[in-house]
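Enquirer: Attaching a single structure in structure tokens format; questions to follow.
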């Protein structure tokens, strides 16, 4: 049986792009949450730096996450989001062990 996976993506946005990012997330989040294998999705905003945001998602498996990342929807949203960055993103996947 496949193990669930947590995906954390930390984004540093240009300060003037924060509102645009929130609009993109509001548009994309229902689609992401409805994607096969997506168990949950949250957006965290840094308590000190509001231009640093983190997405926290839980997936049924690494294969489910990979399948989502292989969609035209993901590619289109990522292109729009990437244009807002002030620094390279940080992404990590974790297995839940306890």
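The values are calculated or read from the model by the stated rules, or taken from the named source; none is laboratory data. The shown structure was predicted, so the numbers you read here are calculated from the model rather than taken from an experiment. Here the Cβ positions follow ideal geometry from the backbone for every residue, glycine too, while neighbour counts run over all protein chains shown.
Enquirer: Could you name every one of the strands (runs of 3 or more DSSP E) located completely within the chain that has at least 1 residues being modelled with pLDDT under 95?
Expert: Qualifying strands (runs of 3 or more DSSP E): 90-95.
Enquirer: Of all residues being touching a helix residue (DSSP H, G or I) at 6+ places or on another chain (Cβ under 9 Å) and over 19 Å from residue 4 (Cβ atoms) in the stretch 59-75, which is surrounded by the fewest Cβ atoms within 10 Å (Cβ to Cβ)? Just the residue, please.
Expert: Selected residue: 75.
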